[in-house]
Amino acid sequence: MFVLPSTGLEARLARKPSGLPTADVIAIVETPLPRPAANEVLVRNIAFRLSPTIRMMISEGAENVEGVPFPALRVGEVLREEALGEVIAAPDGHALGRGDLVLHHYGWRDYAAVPVANCLKVSRDVTDINLHLSHGWTAYAALTRGLNISHGDTVFISSAAGAIGSMAGQIARLLGADKVIGSTSTRAKADRLIRELGYDAAVIRGAGAMAGQLAKAAPQGIDAVLDSAGGEALQAAVEVARERARILVIGALSGQLDAKGTGRRAPVELDSFKLLLKKLTIRGYSADDDPDARREWDSHLGRCSAAGQIRFPHEIVRGLRHAPEALAKASRGEFFGAVLVVP
């Protein structure tokens, strides 16, 4: 029988980082369990996703940037990220009850009091409940709503070994893409993309001009680009794109993982003459703008996982006390796929 403890751990911002986050910018503290209000449930977190994009929330000046979809964090506040948890106490008369699995954005802690309205109930009927923390729905929304992937497309996915890219390549294939090419940072990651996730080819940052590598991998050109990186990957995509290719920008990791600055700028130089001649479409996109895509993806998730059609590449960090160092490693690009912390 589960006995509720009187305290739990939570991660607080100890100081604003200068450059990439290091472990000492986060303090792990023991606190009394939260007391849920009348409209809240008490959730025991099973796992939460750790992402280097949290740098945008914790760096100096984050509160002054408009349009960032994540609220800025101040020193002393508890960090936040999407988490999967089990409801252990719920108010009467609500749709949620004890034992329900929910997604919410109160990660980086053992226990959380979460407003019922901010919980998304999810099914246990999947091969691995951690699948709910994948970025599969983000990739699915971008590929179906943003890019409208169709049969026969040649698709280029930058940062293919990241949390989104490692799902996007597989989903693009399920949607009918003829060829899927990714970019990544090392030969070891490139080999895993091809061997484990069905990528046809991978180009490697720092292994020669990326545009040249991409042109060799896709001699007939690229129809659709899902860009999470910016920088050289976006430049290469424009160079190799076919006429009327679609380019969807969903991230800016070239800036977010830059050791200098705040991680909120990702300058890139593009040849506008090529944009004009090829009649390219480039636009930014957030999956949050298409919430129906999440429900649609969730309806596919159990079937795809049971049929072995989708894999969830991820690495597990056990114990909240190890999360600060894991964030430092993630910010240096040391992981493959998503990073999950199991408190």
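Here, each number is a calculation from the coordinates, and none is a lab measurement. Quantities reported herein were computed from a predicted structural model and do not represent experimental measurements. When we count neighbours, we look across all protein chains shown, and the Cβ atoms used for this are built from the backbone with ideal geometry, even at glycine.
So what's the back-of-envelope 222 nm ellipticity for the chain, counting only DSSP H runs of four-plus at -39500 (n - 2.57) apiece and dividing by all residues, rounded to 500?
Helices in the chain give a 222 nm mean residue ellipticity of -7000 deg cm²/dmol.
Reachable lysines from K179, Cα under 24 Å, same-chain residues fewer than 8 places away excluded?
K189, K216, K274, K278, K279
Return a whole-number percent for the relative contact order of the stretch 243-341, with Cα pairs under 8 Å and 6 or more residues apart as the contact set.
26 percent
What is the gain in length, in nm to one decimal, between D24 and T7 on full extension, counting 0.36 nm per residue of separation less the C-alpha to C-alpha distance?
Between D24 and T7, full extension yields 3.8 nm more.
Please work out the C-alpha center-to-center distance from the stretch 302-343 to the stretch 141-193 and express it in whole Å.
Taking the Cα centre of each part, the stretch 302-343 and the stretch 141-193 sit 18 Å apart.
Under Stokes-Einstein, with the Kirkwood radius over Cα pairs standing in for Rh, what whole-number D in µm²/s applies to the stretch 127-239 at 20 °C and 1.002 mPa s?
Reported coefficient: 156 µm²/s.
Tell me which GluC sites (Glu not before Pro) from the stretch 278-343 have a DSSP coil assignment and no more than 16 other beta carbons within 10 Å of their own.
E334
Where in the stretch 106-185 are there trypsin sites (Lys or Arg not before Pro) that are in a DSSP coil and have at most 13 other Cβ atoms within 10 angstrom of their Cβ?
R124
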